[in-house]
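Here the structure is laid out as structure tokens; the discussion comes afterwards.
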């Protein structure tokens, strides 16, 4: 504390706003000897607070109070957000409810909450058609130059059909078509177009009742910009739909991408290898076309991910930017908060594996 300023007026000395006068009454008039009172001088109080040393002291008090409140708030926030690992159960992580504004809009069918098997079909292009006869027409697809010819379109359809077949065979599965709004020339997403194709081809026929009925165990994940996000975001989408995390994952895609998914993407999210399956289907291409495709995968996919396993540096993150012309971003920090650490993991060492708690550790 700084010393009280010495303010003088004539020969008297002001001692502050509260001073003791043994010879005055409450109105400031003199009283008899032996009687005294405390007086409050408003003008002296203002001078007292506005004095340089007193203002400094007051500022210290206010800053200290603000610091204490800030510390209390932060401690309350930390201890109110329990560690995800404390919620593990034999069926996975069940804690961490999303915000009420999200939960208020969701009503899950009870059958969805019992699903445990995630089937992922990553998107590679966007189908613009709406009729079955348009499925094989390359002009009805938004394709990169390297995707034209070589049976690529037929491979996309094979992936979709196989994913639907697997989901139909396993009543504990959820099929997720994954892929974002990656083309500037299209206002839809890869995932939505795959779902539309499946519906146009009537792939979800349920014949038990002799009639076609809606298939509730298929959905879309519309934010992924590359193969790593196809996997991670589909896991988050599974949680949105079911309220839990998968205990088994199957991915349906190109055979040439098997190593990328099994050795790199699965390892990056630390999902148990015995519970992960990759099904590879290749297009009916010529030998030369197949060799060119495999070389392209090694150069532009597998090898870059060995150097940057989460795809968040330099070359791979620039590819994500190029595939996000509409500047969309995912909601999974709120709807799958147990994955926040993994979603934001981008270490200075691009090969460093995330070591935070993950919901599927209990399955390992």
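The values are calculated or read from the model by the stated rules, or taken from the named source; none is laboratory data. If you're wondering where the values come from, they're calculated on a predicted model, not measured in any experiment. Every residue, glycine among them, receives a Cβ derived from its backbone with ideal geometry; neighbour counts consider all protein chains shown.
Only one of the numbered conditions (1) under 23 Å from the mean Cα position of the chain (by Cα); (2) closer than 24 Å to residue 113 by Cβ; (3) surrounded by 17 or more Cβ atoms within 10 Å (Cβ to Cβ) is violated by residue 272, and that is (3).
In the same structural domain as residue 260 (by TED's automatic domain parsing), assigned to a helix (DSSP H, G or I), exposed (fewer than 15 other Cβ atoms within 10 Å of the Cβ) and touching a residue at least 24 places away in the same chain (Cβ under 8 Å) - does that describe any residue in the range 325-336? Scanning the range 325-336, I find at least one residue that is in the same structural domain as residue 260 (by TED's automatic domain parsing), assigned to a helix (DSSP H, G or I), exposed (fewer than 15 other Cβ atoms within 10 Å of the Cβ) and touching a residue at least 24 places away in the same chain (Cβ under 8 Å), so the answer is yes. Quick check: anything in the range 167-179 assigned to a loop (DSSP other than H, G, I, E, B) and surrounded by 18 or more Cβ atoms within 10 Å (Cβ to Cβ)? The answer is yes, given that some residue of the range 167-179 is assigned to a loop (DSSP other than H, G, I, E, B) and surrounded by 18 or more Cβ atoms within 10 Å (Cβ to Cβ).
For the residues 188, 182, the requirement of being out of contact with any strand residue (DSSP E or B) (no Cβ under 7 Å at 6 or more places or on another chain) and either touching a residue at least 24 places away in the same chain (Cβ under 8 Å) or buried (at least 19 other Cβ atoms within 10 Å of the Cβ) (or both) singles out 182. Within the range 226-242, residues that are assigned by TED's automatic domain parsing to the domain that holds residue 108 and within 9 Å of residue 120 (Cβ to Cβ) have Cβ atoms under 6 Å from residues that are part of a helix (DSSP H, G or I) and at pLDDT 95 or above in these pairs: 231/265, counting only partners at least 6 apart in sequence or on another chain.
Of the helices (runs of 4 or more DSSP H) contained entirely in the range 216-307, those carrying at least 1 residues that are over 23 Å from residue 318 (Cβ atoms) fall at 227-242, 266-269, 287-297.
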